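Engineer: Below is one structure. I have some questions about it.
Rule-based calculations on the coordinates, nothing more; no lab input. Every value quoted in this text rests on a predicted model; they were computed, and no experiment measured them. Positions of Cβ are backbone-derived with ideal geometry, glycine not excepted, and every protein chain shown enters the neighbour counts.
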Amino acid sequence: MAYSAQDFKKGQPRWCPGCGDHFFLANLHKAMAEIGVAPKDIAVISGIGCSSRLPHYMATYGMNTIHGRAAAIATGCKVANPRLTVWQISGDGDGLAIGGNHFIHANRRNIDLNMILLNNRIYGLTKGQYSPTSPRGFVSKSSPYGTVEDPFRPAELCFGARGHFFARAVATDAPGTVEVLKAAYSHKGASVCEILQNCVIFNDGCHASVYDKKERARNAIYVKHGQPLVFGENSEYGLVQDGFGLKIVEIGKDGITMEDVLVHDAHCEDNTLQLKLAMMGDGDGFPVALGVIRDVEAPTYNDAVEAQIEEVKAQKKYHSFAELLETNDIWEVHN
Amino acid sequence: MNIEELSEVVVRFSGDSGDGMQLAGNIFSTISATVGNSISTFPDYPADIRAPQGSLTGVSGFQVHIGADKVYTPGDLCDVLVAMNAAALKTQLKYAKSNATVIIDTDSFGPKDLEKAQFQSEDYLGEMCIDPDRVISCPLTTMVKDCLADTGMDNKAVMKCRNMFALGLVCWLFDRDLNIAFNFLREKFARKPNIAEANIKVIQAGYDYGHNTHSSAHNVYRIETKEKVAGRYMDITGNKATAYGFIAAAEKAGLKLYLGSYPITPATDVLHELSKHKSLGVTTVQCEDEIAGCASSLGASFAGALAVTSTSGPGICLKSEAMNLAVIMELPLVVLDVQRGGPATGLPTKSEQTDLLQVLFGRNGDSPMPVMAALSPTDCFDAAYEASKIALEHMTPVVLLTDAYIANGSGAFKLPDLKEYPAINPPYVPEEMKGTWTPYMRKEDGTRYWAVPGREGFEHILGGLEKDDKTGAISTNPENHDLMTRKRQAKIDAIPVPDIVVEGDKDDADLLIVGFGGTYGHLRAAMDQMRNDGKKVALAQFRYINPLPANAAEVLTKYPHVVVAEQNMGQLAGWLRMKVDGFCPAQYNEVKGQPFKVADLVKAFNTIINK
């Protein structure tokens, strides 16, 4: 059965006008229609925060739960009912501060969840405090003199937790977002999608360098498995390996040709270069990498749980409660 | 040599935590139960992870009470104390009657052993004021070594068999049939027949030692069973019975059983037990923390499983937020709290009833939740089954309280026949409601319907924000919140629970003893003893705590004297005072981490009845 975005829509979103969540929601509806899983077979599970309101605007099954626990709740949901497609929606506070423990363990276990991290580098719902992704020195209501702590970088955390899938998109970039969401769905295992989105009220311009199409062309690189890592308005720049790091080169200059440019390998098990790509663009002169940065197949937790149950069922001779009782030392008392 | 007929006897095996006292005690109780004696056991573990060998903190005990009639407790003080080393004698003698027989391994009472056990001299019996006539002194280690000399076993393996010598000696003392022990060991060590045979050889040697040197003991005892309930039995601990109850409930309801848990003493054995039974489709997830244990269970519940999370008091602190989410989302969930000593880390291996008010009230908002408490190791089965039934049929989280004492203790469990258990029928939303159904529509009893993902036409969103009664959408309407709060409360209040049964002199008691959960055995034994002494006494032991049985107020206000006895500072008494107008009981409170002592209870209750 073919679906349209309309089939996944419900209600009237209550986010501020211009909020990145509006863009992301529309892209998620679109991606779900293209993916084609029936709304009855989807669970969308969020924590607490602006972005965690999202399930209320879905015509699927879902839960808008408690702060930070979405990944844990989604874990139980997926393991108990592996036939469901489970999307987990969190913001940077929900997913990486209060929910940081669940985030890393869902990645480590490799549960087949599509984990969306809507990153606006601020606490919006509580009206403007710094988040674990806010840059050092960030001035907010709770840090009037600037923060004195370093932020997490979601990709680094995901890779550190042995994550097998990491993608990044900008909320306003419909094709880019739909593409990573579809890839996250196709990937079996925990798939982290970092969505860069703007908070118009408390952190306006936080992703300004990539937020509109024009800026993106200058400041972002779209990575695609098997394609050379080139960027720029006319694809005039490329990435090459330089010692332990990466270097930007201009194609056609100093004898550099397309042959010299690195070809993206999202499927490479060793995440060293993928991490380098994911870490680019934080004021280091490199472009921000968008697209599927890492996508490596690995056994999923939920499949392994099911397989082990089947394996033990085949090994053991008891398959009902009555048969279980008989496995004990039993004695008989006669009158 | 006399053969004396006893109606009951209490044996306590004690030794270093590596001495295998739990196994020896287990086998002895199984042998006794097999011949039809009533049994009740209590393992007493040291809190230290692995205290130095021979030290006072490393002593582990296992007490078993066997009786010709029904026994309700592992017994206050033992008639026979086995002390495998000096530290065991030093720390465990206080659990022995003044005329108890003491069995010691003299090989473990050397100068170093005595020093570690903080004896001042070599006259350890004198220091402890033990009459040498009561003592069976036996060079146990030497004899085990001699017995196994020709097996080629290394010293470490030989030393592991010492417990079986003590067991053999006790079996002789109580005229027990060794074949049952032999069968037990052959089954336990089926893959290591050499070990099984070595153990069997040592048991026989212990038995023969007793037989050949019986001059050192006054009597050999027999406990003949008076009333037998025919049937097939197994020995079961409370934690295992709890796990079995969940398995049975899931099978009856036709649901997958999901346990999300995090290891915590004394609840971990439930996780261990359920993890074994994948052949029954049981799914266990050892989560990253207590919070995820509860949260993932709630996710599994949403997805349509019988969801359980198991923990002890400190875990409840962490789970309370997700438990509260289950309250407002009205999803089934069973939260097992195997209570231990608190606050904070408290006494991890010891028993208390101090979580009652936490599970009743420890959440933000008006957050009513059914609470049950199991009465005994074997009752854990029925209690787990019933807690699951209430959760599934009333769409609510349910707390099941047990405690370290009944969780680790065991009793003879008559094998249940699931056919005799009531059906479990979750309120699945009927197909014909498609198109008109909203998430908070309720059945007549106030329970909302369950729409499990996968059903077309029933897609819906639940959550922690208050919802509109009619549409299920987020609502901050003050009238609606008031209405929803009342509906959640009314739903719990309307859960039917059986009337509380008053035992003993229910018509004319001068004193009503009131308790809840795992203290049942001790309170029952205290009542029995007082009635034997000619007093008019009754007992009301609460199993259902929220909602209270409909006849609770009537029972509690019927008798001239009432005492609420509990292992906390008065939590049940406070709850009952809140729920029953004019209820003003006497209290008996004790938080020593150990089970009540029947003698202490009787003494205290006599003071109350004589007022």
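Engineer: Treating only the Cβ atoms of Lys and Arg (+1) and Asp and Glu (-1) as charged, compute the dipole magnitude of segment B:427-496 about its Cα centre; round to the nearest 20 debye. Mind showing how you got there, number by number?
Structural biologist: On the way: 11 positive and 12 negative charges, 26 e Å.
Dipole about the Cα centre, nearest 20: 120 debye.
Engineer: Pick out, from B:I500, B:M530, B:Q489, the residue whose Cα sits farthest towards the positive end of the charge dipole of segment B:484-537, with +1 on the Cβ of Lys and Arg and -1 on the Cβ of Asp and Glu.
Structural biologist: About the Cα centre, the residue reaching furthest to the positive side is B:Q489.
Engineer: Oh, and also: What lysines sit close enough to B:K597 to cross-link, taking a C-alpha to C-alpha distance under 21 Å and skipping anything fewer than 8 places away on the same chain?
Structural biologist: Cα-Cα hits under 21 Å: B:K70, B:K90, B:K94, B:K97, B:K350, B:K535, B:K536.
Engineer: By how many nm would the segment from B:E444 to B:L56 lengthen if fully extended, with 0.36 nm per residue of separation less the alpha-carbon distance? Kindly include the intermediate steps, with their values, before the conclusion.
Structural biologist: Values: separation 388, 0.36 × 388 = 139.68 nm, distance 6.05 nm.
Roughly 133.6 nm would be gained on extension.
Engineer: With r defined as the distance between the Cβ atoms of B:D493 and B:E432 and R0 fixed at 41 Å, what FRET efficiency is calculated, to the nearest 0.05? Provide the component values of the computation, followed by the final result.
Structural biologist: Numbers: r = 29 Å, r/R0 = 0.71.
The pair B:D493/B:E432 has a calculated efficiency of 0.90.
Engineer: Right, here's the next one. Efficiency by 1/(1 + (r/R0)^6): what FRET value for A:V37 and B:D482, r their Cβ-Cβ distance, R0 = 41 Å, to the nearest 0.05? Write out the running numbers ahead of the final one.
Structural biologist: Numbers: r = 39 Å, r/R0 = 0.96.
With R0 = 41 Å, the Cβ-Cβ based efficiency is 0.55.
Engineer: Which entries of A:K10/A:K224; A:K182/A:K276; A:K78/B:K319 have Cα-Cα distances beyond 31 Å here? Before the final figure, lay out the partial values.
Structural biologist: Values: A:K10/A:K224 33 Å; A:K182/A:K276 24 Å; A:K78/B:K319 20 Å.
Checking Cα-Cα distances, A:K10/A:K224 exceed 31 Å.
Engineer: Please arrange B:C147, B:C380, B:C129 by counting, for each residue, the other beta carbons lying within 10 Å of its beta carbon, fewest first.
Structural biologist: On the way: B:C147 21, B:C380 32, B:C129 8.
Fewest to most other Cβ atoms nearby, the residues stand as B:C129, B:C147, B:C380.
Engineer: Place a point 7 Å from Cα of B:T471 in the direction of its Cβ. Which residues in segment A:1-34 have their backbone N less than 13 Å from it?
Structural biologist: What the label zone holds, given the 13 Å backbone N cut-off, is A:10-14.
Engineer: Determine the shielding of peptide B:451-457 by partner chains: average, over its residues, the number of Cβ atoms on other chains within 10 angstrom of each Cβ. Let's see the in-between values first.
Structural biologist: Numbers: counts 2, 2, 14, 8, 3, 4, 2.
Counting Cβ atoms of other protein chains within 10 Å of each residue's Cβ and averaging gives 5.
Engineer: Obtain the nm distance between the two label points defined at A:D282 and B:K94 by a simple spin-label model: each point lies 7 Å from its Cα along the Cα-to-C-beta direction.
Structural biologist: Using points 7 Å along Cα→Cβ, the separation is 5.8 nm.
Engineer: With a sphere of radius 13 Å drawn around the Cβ of B:K90, what net charge do the other residues whose Cβ falls strictly inside it have (Lys, Arg +1; Asp, Glu -1)? Don't skip to the answer; put the middle values down first.
Structural biologist: Numbers: positive: B:K94, B:K116; negative: B:D16, B:D113, B:E115, B:E127.
Net of charged neighbours comes to -2.
Engineer: For B:Y209, A:Y130, which order do you get if you count the other beta carbons within 10 Å of each Cβ and list the fewest first? Could you put the intermediate results ahead of the total?
Structural biologist: On the way: B:Y209 20, A:Y130 25.
The fewest-first ordering by Cβ neighbours comes to B:Y209, A:Y130.
Engineer: Taking the dipole about the Cα centre of the protein assembly as shown, with the C-beta of Lys and Arg at +1 and of Asp and Glu at -1, give me whichever of A:S51, B:G15, B:A33 is farthest to the positive side.
Structural biologist: The residue sitting most towards the positive pole is A:S51.
Engineer: Same structure, new question: Give me A:M1, B:M323, B:M433 sorted ascending by neighbouring Cβ count inside 10 Å, so fewest comes first. Each step should come with its number before you reach the end.
Structural biologist: Working: A:M1 5, B:M323 23, B:M433 14.
Arranged by neighbour count, lowest to highest, A:M1, B:M323, B:M433 become A:M1, B:M433, B:M323.
Engineer: Within the protein assembly as shown, what percent of beta bridges assigned by DSSP are antiparallel, to the nearest 5? Don't jump to the answer; show the numbers that get you there.
Structural biologist: Details: 52 of 139 bridges.
Antiparallel bridges make up about 35 percent of those DSSP assigns within the protein assembly as shown.
Engineer: Also, quick follow-up: With the contact rule set at Cα under 8 Å and sequence spacing of 6 or more, what percent relative contact order holds for chain A? Don't skip to the end; give the middle numbers.
Structural biologist: Values: 705 pairs, mean separation 48.7, N = 335.
The normalised contact order for chain A reaches 15 percent.
Engineer: Answer with one residue from A:I201, A:P175, A:Y211: the one whose Cα lies farthest towards the positive end of the charge dipole of segment A:172-213, charges on Cβ with Lys, Arg +1 and Asp, Glu -1.
Structural biologist: Of the listed residues, the answer is A:P175.
Engineer: Ok, one more. Could I have the simple spin-label model distance between B:N212 and B:N610, label points 7 Å from Cα toward Cβ, reported in nm to one decimal?
Structural biologist: 5.3
Engineer: Can I ask one more? Within 10 Å of each Cβ in peptide A:79-91, how many partner chain Cβ atoms are there on average? Round it to a whole number, please.
Structural biologist: Details: counts 11, 18, 11, 1, 3, 5, 1, 3, 0, 0, 0, 0, 0.
Per-residue shielding by partner chains comes out at 4.
Engineer: Give, as ranges by residue number, the residues of segment A:51-95 whose backbone N falls under 16 Å from the point 7 Å along Cα→Cβ of A:V200.
Structural biologist: A:51
Engineer: Under a Cβ-Cβ cut-off of 10 Å, what is the net charge of the residues other than B:E321 that fall near it, where Lys and Arg count +1 and Asp and Glu count -1?
Structural biologist: Summing Lys/Arg as +1 and Asp/Glu as -1 gives +3.
Engineer: Across peptide A:304-312, what mean number of C-beta atoms from other chains lies inside 10 Å of a residue's C-beta? Don't jump to the answer; show the numbers that get you there.
Structural biologist: Details: counts 0, 4, 2, 0, 2, 8, 3, 2, 7.
Mean partner-chain Cβ count within 10 Å for A:304-312: 3.
Engineer: Further, regarding this structure: Starting from the Cα of B:F189, step 7 Å along the direction of its Cβ; do the same at A:L125; then give the gap between the two resulting points in nm.
Structural biologist: Using points 7 Å along Cα→Cβ, the separation is 5.9 nm.
Engineer: Separate question: Local charge sum around B:A550 (other residues, Cβ-Cβ under 13 Å, Lys/Arg +1, Asp/Glu -1)?
Structural biologist: Details: positive: B:K579; negative: B:D493, B:D499, B:E554.
Summing Lys/Arg as +1 and Asp/Glu as -1 gives -2.
Engineer: If you don't mind, another one. Order of B:4-14, A:186-196, A:254-264 by packing, highest average Cβ count within 10 Å first? List each step's numbers first, then the result.
Structural biologist: Numbers: B:4-14: 20.5, A:186-196: 24.8, A:254-264: 13.3.
Highest mean packing first, the order is A:186-196, B:4-14, A:254-264.
Engineer: Per DSSP H run of at least 4 residues, take -39500 (n - 2.57); add these up for chain A, divide by its residues and hand me the 222 nm value, nearest 500 deg cm²/dmol. Don't jump to the answer; show the numbers that get you there.
Structural biologist: Details: 10 runs with 95 residues, N = 335.
Computed mean residue ellipticity for chain A: -8000 deg cm²/dmol.
Engineer: Assuming R0 = 60 Å, can you tell me the calculated FRET efficiency for the pair A:Q308 and B:D510, based on Cβ-Cβ distance, to the nearest 0.05?
Structural biologist: On the way: r = 59 Å, r/R0 = 0.99.
With a Förster radius of 60 Å, E is 0.50.
Engineer: Also, quick follow-up: Using Cα pairs under 8 angstrom and six or more residues apart, how large is the relative contact order of segment B:502-609, in percent? All intermediate terms of the calculation are to be shown ahead of the outcome.
Structural biologist: Details: 165 pairs, mean separation 35.0, N = 108.
With pairs under 8 Å counted, the relative contact order is 32 percent.
Engineer: PRE reach from B:A230 (point 7 Å along Cα→Cβ): which of segment B:402-440 fall under 20 Å by backbone N?
Structural biologist: Residues passing the 20 Å test: B:413-418, B:420.
Engineer: Roughly how many whole Å is it from the C-alpha centroid of segment B:440-518 to that of segment A:181-252?
Structural biologist: 51
Engineer: With a ≥ b ≥ c the root eigenvalues of the C-alpha gyration tensor of segment B:2-222, is it rounded (a/c under 1.5), prolate (a/b larger than b/c) or oblate? Kindly include the intermediate steps, with their values, before the conclusion.
Structural biologist: Values: a/c = 1.36, a/b = 1.05, b/c = 1.30.
Taking the square roots of the gyration eigenvalues as a ≥ b ≥ c, segment B:2-222 is rounded.
Engineer: A further question on this structure: Dipole magnitude of segment B:235-420 about its Cα centre, charges +1 at Lys/Arg Cβ and -1 at Asp/Glu Cβ only, in debye to the nearest 20? Present the calculation step by step, with values, prior to reporting the outcome.
Structural biologist: On the way: 12 positive and 20 negative charges, 64 e Å.
The calculation lands at about 300 debye.
Engineer: With +1 assigned to the C-beta of every Lys and Arg and -1 to the C-beta of every Asp and Glu, and no other charges, what is the dipole magnitude of segment B:154-306 about the Cα centre in debye, to the nearest 20? Numbers along the way, then the final one.
Structural biologist: On the way: 18 positive and 15 negative charges, 84 e Å.
Computed charge dipole of segment B:154-306: roughly 400 debye.
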